[in-house]
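Coordinate-derived values only; no laboratory data. Small disclaimer: the values here were computed from a predicted structure and weren't measured. Here the Cβ positions follow ideal geometry from the backbone for every residue, glycine too, while neighbour counts run over all protein chains shown.
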Amino acid sequence: MERQDRDLAFMLQYENVAWFDAGEVRILDRRVYPTKVEFVTCKTHQEVTQAIADMVTQSAGPYTAAAMGMALAAHECRDRKAADQLAYLEDASDNISHARPTTVSRMQIITEGCLAAARKAIAEGSDAAKAIVDHTVEANNLRYSKVHRTAKYLVDMFPDDGTVMTQCFGETIVGMLLKECRDRGKRIRLFCPETRPYFQGARLTATVCHDMGFDVTVITDNMPATVMQNEAVDVFTSAADAISLDGYVVNKVGTFQIAIVAKYMGVPYFVTGAPDPGHPTIDTVNIEMRDPEFVLQAMGVRTAAQGVKGYYPSFDITPPHLVSGVVTDTGIYAPYDLHRYFASSDGEFGQRGLNL
């Protein structure tokens, strides 16, 4: 299969997300990109787990990093007996998949796929680390391809010369929707809320949009209502860290408030991604609370007085009545009817479920 990252922005190239080579994993440090182009080098799979927990990579980046962490784990145990290698890799799978609590079920899909590739390689007496890397490239190709199909349905919702508001960084769907617009000759302009405290909208989404030749404007997180009112926004869209089967969207904190504004303004909100059978109802989702000190600073510069408290939930929950449609690789579904998605499933939820 042709590499599906061809013609996408720098940070969406597989090697520039996370990559295993020569006994180490290099992960693009999205905490400082694009001001600096730096890679964090991990010498052990535990360091990969910590890098994911520390937000070195974000959006769908952790899924590629997790897979490369599994390749590194296979490299670490390569001289052990087959049974011991498998036991080591099973422990690594559990460790890596639990790097961040809100995405455990999706991470397990990734690491268990790597385990299956490793088992086959070990049984054949071949290099398990290489097998995992090859499996990851193939899996990424499938995921990027399916996300491109999702992008086709999403771009159908964009008027010509339309204005689109995003939230946070939707990783692959951002690149693919722009590629699809470019292929169709459809011009759009984009407004990207900055997405504090890591500024993924300003640093990542806006950079990808700019790199791919689109008109993009960064706004602060308290501007979406004014921008929707004054700039004739046609569509609000985001990816999702989880979509429960009862239609709730879990995404970067701030999504909920933009969805409320969009509803009030009559702007449709389309979320991209597959519903998650690991979350049959919203009460199965564990919202990650992160270090509150992060909201008291901006890119390392403190903005609040010592002694002031912070509050930092990583994600918020948007209820289904604010969602115009859930855009997937098989079509657009009402948030109240997500079980229909699985009626058209090809049984490969491991790739379907990561439409980021």
Worksheet, complete the sentence: To the nearest 0.05, the calculated FRET efficiency linking Ser344 and Val308 through their beta-carbon distance, R0 being 45 Å, is 0.35
Worksheet item: When the chain is modelled as a GNM with alpha-carbon springs shorter than 10 Å, which of Thr220, Thr237, Thr102 fluctuates the most?
Response: Thr220
Item to complete: Quick one: dipole size for the range 10-144, taken about the Cα centre, charges +1 on Lys/Arg Cβ and -1 on Asp/Glu Cβ, in debye to the nearest 20.
Response: 280
Worksheet item: For the chain, what is the percent of antiparallel DSSP beta bridges, rounded to the nearest 5?
Response: 55
Worksheet entry | Simple Cβ-charge dipole of the range 61-133, Lys/Arg +1 and Asp/Glu -1, about Cα centre, in debye nearest 20 | 160
Fill in: Overall dimensions of the range 245-298 as given by Cα atoms, namely Rg and Dmax in Å
14.1, 37
Worksheet entry | Crossing angle, helix 172-184 versus the chain [Cα axis fit, 0-90 degrees, rounded to tens] | 60
Worksheet item: Among all the lysines, which ones have a C-alpha under 19 Å from Lys81's C-alpha, if same-chain residues fewer than 8 places away are not counted?
Response: Lys120, Lys130
Discussion item. Less than 17 Å apart at the alpha-carbon level, and either on another chain or at least 8 residues along: which lysines does that give for Lys186?
Written reply: Lys152
Worksheet, complete the sentence: Going fewest to most other Cβ atoms within 10 Å around each Cβ, His148, His45 line up as His148, His45
Item to complete: Tabulate in residue order the Karplus-calculated ³J(HN,Hα) for the range 34-44, using 6.51 cos²θ - 1.76 cosθ + 1.60 with θ = phi - 60°, rounded to whole Hz; enter x for Gly and Pro.
Response: x, 4, 10, 9, 10, 10, 8, 9, 10, 9, 9
Worksheet item: Which cross-chain or sequence-distant (5 or more) residues have an amide H under 5 Å from the amide H of Val216, H modelled 1.01 Å from N in plane?
Response: Leu190
Worksheet item: lysines within cross-link reach of Lys263: Cα-Cα under 22 Å, excluding same-chain residues under 8 positions apart?
Response: Lys252
Discussion item. As I understand it, the dipole of the range 11-57 uses +1 on the Cβ of Lys and Arg and -1 on the Cβ of Asp and Glu, about the Cα centre. Which of Trp19, His45, Pro34 lies farthest toward its positive end?
Written reply: Pro34
Discussion item. How long are the semi-axes of the equivalent ellipsoid of the range 10-159, defined as square roots of 5 times the Cα gyration tensor eigenvalues? Whole Å, largest first.
Written reply: 27, 18, 14
Worksheet item: All other residues with a Cβ under 11 Å from the Cβ of Leu338 taken together, and with Lys, Arg as +1 and Asp, Glu as -1, what is their net charge?
Response: -2
Worksheet item: Could you state the number of Å between the C-alpha centres of the range 315-342 and the range 140-165?
Response: 15
Worksheet item: How far is helix 255-265 tilted, in degrees, relative to the longest principal axis of the Cα atoms in the chain, given as a value from 0 to 90 rounded to the nearest 10?
Response: 30
Worksheet entry | Estimated FRET transfer efficiency (Asp291, Glu2; beta-carbon r; R0 41 Å; 0.05) | 0.50
Worksheet, complete the sentence: When Lys36, Lys146 are arranged by how many other beta-carbons sit within 10 Å of their Cβ, fewest first, they go Lys36, Lys146
Worksheet item: About its Cα centre, how strong a charge dipole does the range 205-320 have in debye, to the nearest 20, once Lys and Arg get +1 and Asp and Glu get -1 at the Cβ?
Response: 300
Fill in: Max mean-square fluctuation residue, GNM over the chain, Cα-Cα springs under 10 Å, options Ser145, Ser105, Ser126
Ser126
Worksheet item: What percentage of all Cα-Cα pairs in the chain are separated by more than 33 Å?
Response: 25
Response to the item:
Fewest to most Cβ atoms within 10 Å: Leu142, Leu115 sort as Leu142, Leu115
Worksheet item: Is the range 149-352 best put as rounded, prolate or oblate by its Cα gyration tensor, with a ≥ b ≥ c the root eigenvalues, rounded for a/c under 1.5, and otherwise prolate when a/b is larger than b/c, oblate when not?
Response: oblate
